[in-house]
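A short write-up of the structure that comes next.
Any read-out appearing in this document is the output of simple, stated calculations on the displayed coordinates, not a laboratory observation. Since the structure is predicted, the reported quantities are computational estimates derived from the model, not experimental observations. Reconstructed Cβ throughout: ideal geometry from the backbone, glycine too, with neighbour counts over all protein chains shown.
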Amino acid sequence: MLKDFFDGKEPNKGTNPDEVLAYTTAIQGGVLSGEGGEETENILLLDVAPLRLGIDTVGGVMTHIIPRIPTKKSQVFTTYQDQQTTVTINVYEEISMTKDNPELGNFHLTGLLPAPR
């Protein structure tokens with residue numbers, strides 16, 4: 001699929017993904033801290049998710065939000081119970097059932113207006 005996307009060009013298979021992650025993380029740190037000087041002031045690194053990201057929804061089902069490529073996406077969700085004022089969002093990666101995925105983190109949405117689910 002990757003070869004087709006790039007008009008038949010062979011992908012470089014000699015790059016260690018862990019090294020790429022380490023290098024780009026170091027570069028991003030230099031850019032954000034300003035310590036890279038003139039050499040990094042015009043560099044823009046875009047975040048790329050190596051796996052799909054999603055949230056835990058009713059029944060432990062993972063709803064994918066972000067595919068593996070850079071993207072912008074929005075999706076509307078409703079509360080699970082009537083008059084619910086708080087929601088905890090658990091973020092996972094890749095597989096369809098959240099119990100099979102590592103949790104990347106979570107956050108709480110508070111102050112929701114009570115309403116029917």
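Would you kindly state how much longer the chain becomes between Val58 and Phe5 on full extension, computed as 0.36 nm times their sequence separation minus their alpha carbon distance, in nm to one decimal?
Extra length from Val58 to Phe5 when fully extended: 15.5 nm.
Sorted by average packing, counted as other Cβ atoms within 10 angstrom per residue and highest first, what order do 24-30, 106-112 take?
By packing density, highest mean first, the sequence is 24-30, 106-112.
For a Förster distance of 35 Å, can you work out the FRET efficiency between the beta-carbons of Tyr23 and Gln81, rounded to the nearest 0.05?
With a Förster radius of 35 Å, E is 0.15.
Which FRET efficiency, nearest 0.05, do Asn90 and Asn12 yield, Cβ-Cβ r, R0 35 Å?
0.50
Pop a pseudo-label 7 angstrom from the Cα along the beta-carbon direction at both Glu41 and Asn106 and give the gap in nm to one decimal.
Distance between label points: 4.5 nm.
Among the aspartates and glutamates, select those whose C-alpha is under 17 Å from the C-alpha of Lys99, and discard any that sit fewer than 8 residues away in the same chain.
Filter leaves Asp56.
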